[in-house]
Amino acid sequence: MNSSFKRTLNSILIMLMFSSFFIGFSHTGDHTTQGKLWILNNPTKSVKADFISLNNHQVYLKDVTSHTIVNYPLTDFSMVDQYLILKQDEFSKKINRQHPNQTHLTAPIQTKKISKNKAEFGLLILVLLIVSIIFYFGFSKTKKPALAVFYFSLFVLVLVACAPEEEEDIPDTIQTSDPVKEDTTDSSSDNTSTDTTSDSDTSSTDTDSNNDSSDSNSTSDLISTIVSHFSDFSGVTITSDDDHFYIHSYSWPEHGMGVGITSWQEQVPIPQNYTGNNSWVIPINPKMADEPLSTSDHLLKGALAVAVNGVPIFNVFNNRGENAYLIGELDNWGGHFGRGDDYHYHLIPTHLEETVGTDQPLAYALDGYPVYGYTDETLDDAFGRYDSDGNYRYHAKTTEPYYMPYVMGEIVIDPNSTAPEDQIYPQPVQNPVRPSNGFKPVNNATVTAFTQTGTNAFSFEYTVGEVKYYVNYNWDENCKFTYTYVDENGGTTNIPTYGAISDTSVNVEVYNNVSFCQDVNLGEASDEEVSSSDSNTSPDDTEEIGFSATSTISDFTLSSIAIDSEGNLLDNYKCEDKVNGIEKSIPIAWSNVPDGTTSLAISIHGFPNQNETNSYLTLWNIDPTNVTEIEYGGANDGAWYMGPNKDGASISYSSPCSPNGATQTYYMTLYALSKTPPSLPEENSLTVDYGVLVDSLSEVTIIDQVVLEYVSSSN
C-alpha cells in the first residue's frame, strides 16, 4: 500500500470519525427555538411557545421565555390555532405510526439528554483519537501502534455515539394556571379563519336515538332527549309533532361575530325570524337514503345542519364553489353574514363543546342525524359512524370539507333550484334589510371588532390599511333601521365600500323593515352603554316589542309588533297597497295557549257606527301546536282558512286607512277552542266574516279568549 493511498484512507477515516461524533451528539440536548405565538380565546392574550403534544384535550407547550411546560384546554385557543394543533397532532400520530383508534398516551411527557458519564467517556475517547493521530504523523516509529489505537478509539466512539440515550422525566414544571402575556401586537391578523375545537372522542353512550332502528324509545323520549341538547342556549326553543321537530331561533349566537374575516362583503348581521312557520324542520326518525348525496356537487345553497344554539350551518363551499374557510370569509367562530343579513356557520362550531361538553351533539343535520365534534374513531366517507347503540352520527374533521362530504339521510331537494346551487327543502327564509345585490368584497379589509353600543345598537369595525372604518347601525321599536358609515377620524367621504352606500357623499341610510325587529344582545358584550336591564332581555321576550293583551282568566297572551306601547297602529301598517287585490296582513303573535285547545280562530273587526260591523281579518282552523304567530303579510299563506276583506270582494286582510283626521278603534280577538266549529267550511270562504264566525262559536267550547284593542288615525 503506497503512502499516497494510506494518507487518503486515513483522511477518510478521520472525516468519518468526526462525522460520527457530531451525528451521535447532535440529536441530543436541548435545542433553542423561536417558538410560535399562540392566540388564546381572549384576543388580547397570547403565549409564545413550542408545541409538545395534545393529550386528553390538553395542549402542552414549552414557553420559550420561562422554559417551563404549560398546558391549556384545546378550547382556550383561537380557532386558527386549534386547527393547527389538531393537524400537528395528526402528523405526530403518523410519524409515530400509531393505530388510528389508539388514544393519546397518558404517560408523563419525556425528553432525552446526554448523560454525564457518557459525555465524559466520549471526550476521553476523542482525546485518545487526537493523540493517536499526532503520534502517527509525528513519529515514524510509532505509526503502527498509533494506527491500532486510532482504529480502536474510532470503533469505541462510534458505539458511544450510536448508543440509545437515557430518558428523563421532565421536572414537574407544568403550570395549570394561566401565565399568558398581554399581546402587544394586533392579534386580529392572526385570527383570519374559523373555529375548530376539541379533538374529542365522542364514543359515549348518549341516548340520542334519532335512528330508524330505535323503536324501543317512544317519540316523547326522543323529543325530551333532543330538547335537552338545545337547553343550554336561551335563544332557541323546540316544538314537535309526530314526525318532525322544529327549531325556533333568531340565529343570534351567544358569542362574538365577524372578527377575523379577511374577505368581507359589506354585510352586517341582524337577528332572523326563524320562528313559527319559518322555523327549521328536522325529521325525528331519519332514514338512510338509497344513494348518499355529495355536498361537493350539491347543496351549495342554504343550510345542511342547525347548531344547538339555533344558528344554521351551511356548506363549507360557498355558492361559487370556493372553500369559505380557506379564502378568509369566516370569522373566529366559523361563521359570517349572508346576503339575507343572517349570521350562519360554515363549519361545525366545536367551540360550543365548552358549554355542552364533548359527548353531546353540536348540531342536527337537516336529514335528522346528529353532528358531533372531533373523534379518534374510524369514520366513513361521510365523516360519520354508528355509535355503540347502533345510531348513526356525523363528526367534524380537520380535512376538507370538514363535515358531511355526503348527506346520508333521506332529504327533499328544493324543486326550484338546480345543482350545484340547490338546497334542502324546506328551509326558512331570511329577513334582509339593505338590498345587497350590488355588495362586493372590500379590498384588503379585515373585520377587527363588533360591539354593542346600546339597545339594539351595534358598531361594526373593519380595517383597510391602517385606517379603521365603522358601520354603526341600530333599529327602533318601529323596525326602522339606521346605518351610518364613518371612518375613525369622523370622516364621511371616501369610505371603502362597493355598493353598501349608493353615494359616498351620503353616509346615512334608513330602511323600514316592518316584518321583523327582535330585541337582541351581543354575546360577550361588555359595553358600558348597555344598561343592566337591557342586558337581561331575553330574545324570547317578544312582549317587550309592540303591544300586547292578556286574558282575564289565564296568561293567554296576544301581541303585535305593528302597534306601539300606547296602543296606536304604526304608520307603516296603514293603507297597504293592494297586489292582485290582496293587502299585506298585520303581524300577530301569541303565547301560553291553554290546555285542551285544539283549534284557534282570529278576528280583527271594528264598529264604525252603532249598527255597523266591519271585518278586517277572519281566520279559523289554526293549529295551536305548531303555529304561534302570523308574520307580516302571511295571513294568506298559512295552513288555515280565511274569510273576506272589509269589502267582501276577495280573500284577504284590510288595513286601516282612515279619512283625514279620523280615529278608528279596532278589536283583535284570539279564540282558543275545543275544536273547529263544524259549520265553518273547510276552505277559504267569502261568506265567513266576523258575524258568521261569532255565531259558529256556540257549537264548540271557548276555552279562553283574549282581546287586543288598538286605534288608528291619520294624524
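A few comments on the model shown:
- Restricting attention to region 355-369, the residues that are under 15 Å from the mean Cα position of the chain (by Cα), of a type outside the set (Gly, Ala, Ser) and closer than 14 Å to Tyr392 by Cβ total 2.
- Residue, nearest to Thr275 (Cα to Cα), within region 610-645, restricted to residues that are touching a strand residue (DSSP E or B) at 6+ places or on another chain (Cβ under 6 Å) and aromatic (Phe, Trp, Tyr): Trp640
- Considering the conditions (1) in contact with a helix residue (DSSP H, G or I) (Cβ under 9 Å, 6 or more places away or on another chain); (2) part of a loop (DSSP other than H, G, I, E, B), Ser296 is excluded by exactly one of them, (1).
- Among the residues listed as Leu300, Leu326, the single one being of a type outside the set (Ser, Thr, Tyr) and touching an Asp or Glu at 6+ places or on another chain (Cβ under 6 Å): Leu300
- In region 389-414, the residues that are over 17 Å from Phe317 (Cβ atoms), in contact with an Asp or Glu (Cβ under 9 Å, 6 or more places away or on another chain) and not in a strand (DSSP E or B): Asp389, Asn391, Glu410, Ile411, Asp414
- Qualifying residue in region 294-317 (condition: free of Cβ contacts under 8 Å to residues at least 24 places away in the same chain and acidic (Asp, Glu)): no
- Boolean, Asn323 is modelled with pLDDT of 95 or more and among the polar types (S, T, N, Q): no
- Number of residues in region 354-373 that are surrounded by fewer than 24 Cβ atoms within 10 Å (Cβ to Cβ) and either closer than 27 Å to Pro269 by Cβ or of a type in the set (Phe, Trp, Tyr) (or both) equals 4.
- In region 612-623, the residues that are without any contact (Cβ under 8 Å) to a residue 24 or more places away in the chain and in the same structural domain as Thr669 (by TED's automatic domain parsing) reach residues that are of a type in the set (A, V, I, L, M, F, W, C) and buried (at least 24 other Cβ atoms within 10 Å of the Cβ) with C-beta atoms within less than 8 angstrom, at least six apart or across chains, in these pairs: Ile622/Ala601.
- Filter result (at pLDDT 85 or above and under 29 Å from Asn494 (Cα atoms)) within region 508-527: Val508, Glu509, Val510, Tyr511, Asn512
- Test result for Tyr374, of a type in the set (Phe, Trp, Tyr) and in contact with a strand residue (DSSP E or B) (Cβ under 8 Å, 6 or more places away or on another chain): yes
- Every residue from region 610-642 that is closer than 16 Å to Tyr667 by Cα and of a type in the set (Ser, Thr, Tyr): Thr613, Ser615, Tyr616, Thr618
- Residue check, Asp476 buried (at least 17 other Cβ atoms within 10 Å of the Cβ), farther than 14 Å from Trp264 by Cβ and among the acidic types (Asp, Glu): no
- Residues in region 657-687 that are buried (at least 16 other Cβ atoms within 10 Å of the Cβ) and in contact with a helix residue (DSSP H, G or I) (Cβ under 8 Å, 6 or more places away or on another chain): Tyr671, Leu673, Pro677, Leu680.
- No other residue among Thr239, Thr275 is over 20 Å from Gly357 (Cβ atoms), at pLDDT below 95, crowded, with 19+ Cβ neighbours inside 10 Å and in the same structural domain as Tyr406 (by TED's automatic domain parsing) apart from Thr275.
- Scope region 479-513; condition assigned to a strand (DSSP E or B), hydrophobic (A, V, I, L, M, F, W, C) and surrounded by 14 or more Cβ atoms within 10 Å (Cβ to Cβ); matching residues: Phe481, Val486
- Boolean, Gly390 is small (Gly, Ala, Ser) and modelled with pLDDT under 95: yes
- Taking the numbered list (1) loosely packed, with under 15 Cβ neighbours inside 10 Å; (2) more than 22 Å from the chain's Cα centre (by Cα) in turn, Val429 passes all entries but (2).
- Selection within region 341-373 - within 25 Å of Asp89 (Cα to Cα), at pLDDT below 95 and outside any helix (DSSP H, G or I): Gly357, Thr358, Asp359
- Any hit, region 284-294, residues being modelled with pLDDT of 95 or more and of a type in the set (D, E, K, R): yes
- Hey, Val464 among the aliphatic types (A, V, I, L, M), free of Cβ contacts under 8 Å to residues at least 60 places away in the same chain and not assigned by TED's automatic domain parsing to the domain that holds Trp333 or not: yes
- Test: residue in region 265-272 that is over 21 Å from Gly335 (Cα atoms) and either touching a strand residue (DSSP E or B) at 6+ places or on another chain (Cβ under 9 Å) or crowded, with 23+ Cβ neighbours inside 10 Å (or both): no
Okay, residues lined up against (1) surrounded by fewer than 19 Cβ atoms within 10 Å (Cβ to Cβ); (2) outside the structural domain of Met408 (by TED's automatic domain parsing); (3) hydroxyl-bearing (Ser, Thr, Tyr):
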position	(1), (2), (3)
Pro292	yes, no, no
Leu304	no, no, no
Ala307	no, no, no
Gly321	yes, no, no
Ala324	no, no, no
Ile327	yes, no, no
Gly335	no, no, no
Tyr345	no, no, yes
Pro349	no, no, no
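The values are calculated or read from the model by the stated rules, or taken from the named source; none is laboratory data. Predicted, not measured: the structure shown is a model, and the values here were computed from it. No Cβ is skipped: glycine too gets one built from the backbone with ideal geometry, and neighbour counts run over all protein chains shown.
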